[in-house]
Structures are given as structure tokens and as C-alpha cells.
Amino acid sequence: MCMIYDAPQIHFHMNTASTPKELVTGLTDFGPGRSKLFPNSADKYLKVHSLGRTEADVTEGSGGIWERLHYDWSDPNCVVLTTTDSKFWSGLSGHIYTFARQPNGTTDVDLVVVRDGKNLKGWVLGFLLRTIGKSVLGRAFENPVKAIEARSGKFQSHELKPLRIPELSLAPIQCACTVTSGAQRRSR
């Protein structure tokens, strides 16, 4: 079980015609052209430090904002991105994508974004993202999901639904996937 404590969280929800496998494949495609799916992952910043069967160590970013992330997709219904280094974000930052297949063949996608600043610029940027920048993050979530859906030839009408959870909730979030801490990864 993964848990993220004491960091401001932003929650998004969306339904897609894509399967969890297609979503995991799209989220973990670190090849050339990644910026077509993820505009905030400019090709000039993209560096894959290591790539395994169910995890990767990747630096990505754009516009002077970068972060090094540990990707874990060992659970086929969950992709966890944990910040290991960044210009602005602390190690409490990251993203958790959770997928739930629905009886009608669609998939519910839930995203929790945690942005905890490690310096003054990070704190200010985190505050702006949680307030006026939430729509920007919403598009950054919605557009790749639509693009992954289009790759597979599946199309669906979309409505992005922010979850009705207090924006600055400090309660821990939990998902069913297992994640190791940076210290545990380094000790292997």
C-alpha cells in the first residue's frame, strides 16, 4: 500500500474507453515523441536513467521545470510516480494514477497529484497550481488520456470531473499498489 502524508493533494477523475493496460503502456512510453502525449515532458529534458520491466527512473520536464521520477507500474491497475529529485518539488511529491475497469467496458481513471515545494519557488508554484492552476493540471491529465484512447482507435465523449475532496486535504491517501521509498530502493 502506498501512502503520501502531509502534502497538498489535487484530485482528478475521468472515464475512458482505454483499458488499464493501454493506459499503463501510454504512461510508461519513454520513447521519442513523448512530448506529443505529455507536453510537460519536452524531449530535450527527457532522460531515462534506468528502465525495467515494471519500473523506471526518468528525468523529465519543460520550461525550466524538471523533476526526476521513479515510475512503478508493478500493479497493472496503478502507476505511481515518486519525485526523487527536482528543481522545485520535495520527495513527498508525485502522481498516483489508479485504474478501475467498469462493467460497460470503460475504465475509470483517478489521479492524485501531490505538489510539495522544497524551496520558496516550489511553495509558491505549488500554491498557484492548487488554486488558479488546477485547470492547467486538469488539461495535462485529460489530454494524454484522450491521446492514449485515440492511439487504440477508441473514442468516447469525456467530462473531466474533479473529485469533491477538499483541495488542501492533509489526510493520507492510499491506493492498492505497493511502493518502496527512495531509501528502500537505494538499499537494494
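The values are calculated or read from the model by the stated rules, or taken from the named source; none is laboratory data. Just so it is clear, the model here is predicted, and its values are computed rather than measured. Note: ideal-geometry Cβ built from the backbone for every residue, glycine included; neighbour counts use all protein chains shown.
Observations on the structure shown:
- Identity of the residue in the stretch 65-93, of a type in the set (S, T, N, Q) and either assigned to a strand (DSSP E or B) or on the phi > 0 side of the Ramachandran plot (or both), that ends up surrounded by the fewest Cβ atoms within 10 Å (Cβ to Cβ): 84
- Residues of the stretch 41-59 satisfying the condition of being surrounded by 14 or more Cβ atoms within 10 Å (Cβ to Cβ), hydroxyl-bearing (Ser, Thr, Tyr) and either at pLDDT below 90 or over 18 Å from residue 146 (Cβ atoms) (or both): 45, 59
- Test for residue 108: is it touching a residue at least 60 places away in the same chain (Cβ under 8 Å), assigned to a strand (DSSP E or B), closer than 26 Å to residue 148 by Cβ and out of contact with any helix residue (DSSP H, G or I) (no Cβ under 7 Å at 6 or more places or on another chain): yes
- Matching residues, the stretch 41-64, being assigned to a strand (DSSP E or B), touching a helix residue (DSSP H, G or I) at 6+ places or on another chain (Cβ under 8 Å) and among the small types (Gly, Ala, Ser): 62
- The number of residues in the stretch 1-40 being part of a helix (DSSP H, G or I), touching a helix residue (DSSP H, G or I) at 6+ places or on another chain (Cβ under 7 Å) and modelled with pLDDT of 90 or more comes to 3.
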